[in-house]
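I have placed the structure first, in the form of structure tokens, so that the comments after it can refer back to it.
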Amino acid sequence: MTTEVVEIDWVPIIELAGKVAREIAHRWAVVGPDDVKQEILLHMMEEKHLIAKYQGDEELLRMISWTAGKRYAAKERAHYDLMDDQYYYTPDEARLALRSFLYTDEELSDLLGKEDDLLRCRVTDSLVSARIDAEVALNRLSADYKALLMKVFVYGLPPDGEAERRRSFRAVDALALQMNRTIRTRKKVGEDA
């Protein structure tokens with residue numbers, strides 16, 4: 001009984017890992033693309049018996065890369081949160097902060113500690129902080145992204161087709177990234193003072 005050894009063509013896998021790593025690093029401010037790529041390739045090496053079997057299925061390899069990369073990014077985010085007491089916003093938190101714009105500051109403060117059906121969450125101090133960070137970050141985005149975020153996530157109007165829907169999600173990713181830059185900059189300025 002002989003087992004057939006299948007050679008793996010690593011070139012397309014390395015290129016795919018690089019693309020996925022850049023996408024993950026763009027979404028997760030706590031990791032760099034080189035580190036993510038290294039973790040993805042390490043995972044691929046550990047699972048090379050499966051990679052050899054499915055190396056022609058680019059969609060499956062992309063999914064495996066995303067899983068390994070996101071797992072690494074989540075681990076790094078948890079580590080940074082623990083070590084530097086710094087919080088990082090996710091796109092979901094940015095969307096929730098945008099939805100809170102429907103309320104005036106006074107209305108939102110009246111809701112503190114209560115469940116809100118419109119926002120579908122309990123209104124907490126963290127939401128108020130996220131709202132403040134979102135207001136600052138929103139003004140640093142392009143006018144196009146700002147208008148799109150207001151249309152879709154604040155006013156609740158449906159996007160005009162699939163392309164605008166995808167653009168609205170890219171815009172909210174950009175908002176979360178800018179919110180994270182804002183809190184890191186604020187912390188750094190506070191440390192320098």
Handout entry: Likely footprinting exposure, Ile64, Ile14, fewest C-beta neighbours within 10 Å first
Key = Ile14, Ile64
Exercise for the section: May I ask for the distance between the Cα centers of the range 129-188 and the range 14-78, given as a whole number of Å? Expected result: 26 Å
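FYI, it's all coordinate maths here, none of it is from the lab. All figures in this text were calculated on a predicted structure; none of them were measured in a lab. Glycine gets a Cβ as well: all are built from the backbone with ideal geometry, and neighbour counts include every protein chain shown.
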